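The block underneath contains the structure these notes are about, expressed in structure tokens.
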Amino acid sequence: MVLICTFQNKSIYKIMGCNSCSTSGLPKGCKNNGSCGVSGCGKLSVFDWLSDMELPGNQEVFPFVEVGFKNGRKEFYKNVNNISLQMSDSVAVEGSPGHDIGVVTLSGELVRLQMKKKRVKQDSPDIKKLYRKANQRDIDSWQNARAKEQETMMSARQMALDLKLVMKISDVEYQGDGTKATFFYTAEDRVDFRELIKKMASEFRVRIEMRQIGSRQEAGRVGGIGSCGRELCCTTWLTDFRSVNTAAARYQQLSLNPQKLAGQCGKLKCCLNYELDTYVDALKDFPDTNIQLKTKKGVAVFQKMDIFKRKLWYSYKDAYLEWIPLDVDKVKELIEKNESGKQVDNLEEFAFTEEVLTPVVQYDNVVGQDSLTRFDNKKKPNNKRRNNNYRKNKSKKPNPKRNGPK
């Protein structure tokens, strides 16, 4: 939905919703509409905490802005005409060829930090220009192009099936002026799609661009809900996709079950790397689990560990079902004794015993001196008050006018 506000013969266009979700209305967050980075349906949104601060004297506004497109795609553009822009303003930017329509997601000094973080140089020839704010004709052309994306994607999938191409077209993005369509696809091997491009160009009458993406990028564009119950990280905030291997699951003592460790993209979950460094640092203090503990009772082997409680479980070779919990420091002490040629009698005397403290609960009389059962006692009838009422009624003389003749 597009809201058009007219103020002093000027039209201000605000994108209040998008086709990727069902939300609509004014941006949420701090209610500062126009400069708030927490919009209702924006992906990878950034809060502009410098929006209400003025620049020092004789300092010009940073001439670059960050513009967002469909499914969280963001690019940097140069504001050559020094147009006053705010977040969520729809703008017309340079395309290849033609022009594209996007929404300003960040402006000012934070764009300088973002360009430095992503290693984008200001004098790079790849940075395109920002033309102007989008007018009503640009908005209508952009909305019409967006409306054709779903139908175009289904038709392109059918064409790929007819040509027997081993590929999956996951998304289609039209340029703002409707003269170019970018098809995102995934494939295991190299695909010769020259014949497919010819058929799509003659069918859709637009410039065709094919772009291959990975499984993680596809999941980020499609979106969904993860096993944690929240929206996928690659859809909301994750921008760099680092490789995840099974060693991350081994460090965290997780069972190597592909159904539990794999995400919607079919790869290992990205969240396995979030706490990996903490586990690696904690395991540096643990002894080698391949070392066997030699005692006079027998040889004990490692069974499992609890990193947070700093406990290890060992069992004798002739009694695998009886696990003995040991502290990390005790295990190191036993290993040092074995290296020096000493052996203890058994592991039971070094077993870890967790003291369970039973809390002593004391109940206080919060009512004070009153008894909690004071309402259970039945009230005694007030006979004195009853007798007084009976005497008053008896002393009254009858009124013959009221009662009538006898």
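Just a yes or no: is a residue in the range 205-221 of a type outside the set (S, T, N, Q), assigned to a loop (DSSP other than H, G, I, E, B) and either open to solvent by 70 Å² or more (accessible area, probe 1.4 Å) or touching a helix residue (DSSP H, G or I) at 6+ places or on another chain (Cβ under 7 Å) (or both)? Looking through the range 205-221, at least one residue is of a type outside the set (S, T, N, Q), assigned to a loop (DSSP other than H, G, I, E, B) and either open to solvent by 70 Å² or more (accessible area, probe 1.4 Å) or touching a helix residue (DSSP H, G or I) at 6+ places or on another chain (Cβ under 7 Å) (or both). If you go through the range 50-100 and keep only what is without any contact (Cβ under 8 Å) to a residue 60 or more places away in the chain and of a type in the set (S, T, Y), you end up with S51, Y77, S84.
For the range 69-87, filtering for residues that are polar (S, T, N, Q), assigned to a loop (DSSP other than H, G, I, E, B) and either touching an Asp or Glu at 6+ places or on another chain (Cβ under 8 Å) or modelled with pLDDT of 85 or more (or both) leaves 4.
Within the group D329, D345, which residue is open to solvent by 70 Å² or more (accessible area, probe 1.4 Å) and in contact with a Lys or Arg (Cβ under 7 Å, 6 or more places away or on another chain)? Steps first, please.
Details: D329 fails: in contact with a Lys or Arg (Cβ under 7 Å, 6 or more places away or on another chain).
The match here is D345.
Filtered by the rule that a residue be under 31 Å from the mean Cα position of the chain (by Cα) and either buried (at least 18 other Cβ atoms within 10 Å of the Cβ) or not in a helix (DSSP H, G or I) (or both), the range 137-152 gives I139, W142, A145, R146, K148, T152.
Looking only at the range 230-239, decide whether some residue is touching a Leu at 6+ places or on another chain (Cβ under 8 Å) and open to solvent by 70 Å² or more (accessible area, probe 1.4 Å). Yes, there is a match, as at least one residue in the range 230-239 is touching a Leu at 6+ places or on another chain (Cβ under 8 Å) and open to solvent by 70 Å² or more (accessible area, probe 1.4 Å).
Might you let me know whether the range 114-129 holds any residue that is open to solvent by less than 20 Å² (accessible area, probe 1.4 Å), part of a loop (DSSP other than H, G, I, E, B) and under 19 Å from K180 (Cα atoms)? Break it down into steps so the answer makes sense when it comes.
Looking only at the range 114-129, we keep the residues that are open to solvent by less than 20 Å² (accessible area, probe 1.4 Å), and these are 115.
Those left that are additionally part of a loop (DSSP other than H, G, I, E, B): none.
Within the range 114-129 (the criterion being open to solvent by less than 20 Å² (accessible area, probe 1.4 Å), part of a loop (DSSP other than H, G, I, E, B) and under 19 Å from K180 (Cα atoms)), the answer is no, since none of the residues qualifies.
Got at least one residue in the range 295-304 being within 43 Å of the chain's Cα centre (by Cα), surrounded by 10 or more Cβ atoms within 10 Å (Cβ to Cβ), under 30 Å from C228 (Cα atoms) and of a type outside the set (D, E)? Yes, because at least one residue in the range 295-304 is within 43 Å of the chain's Cα centre (by Cα), surrounded by 10 or more Cβ atoms within 10 Å (Cβ to Cβ), under 30 Å from C228 (Cα atoms) and of a type outside the set (D, E). Scanning the range 172-186 turns up no residue that is β-branched (V, I, T) and either modelled with pLDDT under 90 or within 18 Å of the chain's Cα centre (by Cα) (or both). Among the residues of the range 243-294, just one is more than 22 Å from the chain's Cα centre (by Cα), within 30 Å of R221 (Cα to Cα) and β-branched (V, I, T), namely T246.
Set side by side, the residues K78, K148, K121, K117 differ, and just one is closer than 26 Å to D52 by Cβ and out of contact with any Lys or Arg (no Cβ under 9 Å at 6 or more places or on another chain), which is K117. Once the range 181-196 is narrowed to residues that are in a helix (DSSP H, G or I) and closer than 16 Å to R207 by Cβ, the residue that is least open to solvent (accessible area, probe 1.4 Å) is L196.
Go through the range 158-180 residue by residue and tally those that are touching a residue at least 12 places away in the same chain (Cβ under 8 Å), open to solvent by 80 Å² or more (accessible area, probe 1.4 Å) and not hydrophobic (A, V, I, L, M, F, W, C). Steps first, answer last, please.
Initially, the range 158-180 is screened for residues touching a residue at least 12 places away in the same chain (Cβ under 8 Å), giving 159-160, 163, 165-180.
Still in the list and also open to solvent by 80 Å² or more (accessible area, probe 1.4 Å): 166, 168.
Filter once more, so that each one left must be not hydrophobic (A, V, I, L, M, F, W, C): 168.
Matching residues across the range 158-180 total 1.
Restrict the check to the range 51-62 and report whether at least one residue is in contact with a Lys or Arg (Cβ under 9 Å, 6 or more places away or on another chain) and not in a loop (DSSP other than H, G, I, E, B).
Residues of the range 51-62 that are in contact with a Lys or Arg (Cβ under 9 Å, 6 or more places away or on another chain), as a first pass: 62.
Those left that are additionally not in a loop (DSSP other than H, G, I, E, B): none.
The answer is no, given that none of the residues of the range 51-62 is in contact with a Lys or Arg (Cβ under 9 Å, 6 or more places away or on another chain) and not in a loop (DSSP other than H, G, I, E, B).
Quick one: is S255 of a type in the set (S, T, Y) and not in a loop (DSSP other than H, G, I, E, B)?
Working: of a type in the set (S, T, Y): yes; not in a loop (DSSP other than H, G, I, E, B): no.
Here the answer is no, as S255 does not meet what is asked.
The values are calculated or read from the model by the stated rules, or taken from the named source; none is laboratory data. Just so we're clear, the structure is a prediction, and the values are computed from it rather than from any experiment. Backbone-built Cβ (ideal geometry, glycine too); neighbour counts: all protein chains shown. Just the protein is used for accessible areas: all its heavy atoms, side chains included, with ligands, DNA and RNA removed. Shrake-Rupley method; radii C 1.70, N 1.55, O 1.52, S 1.80 Å.
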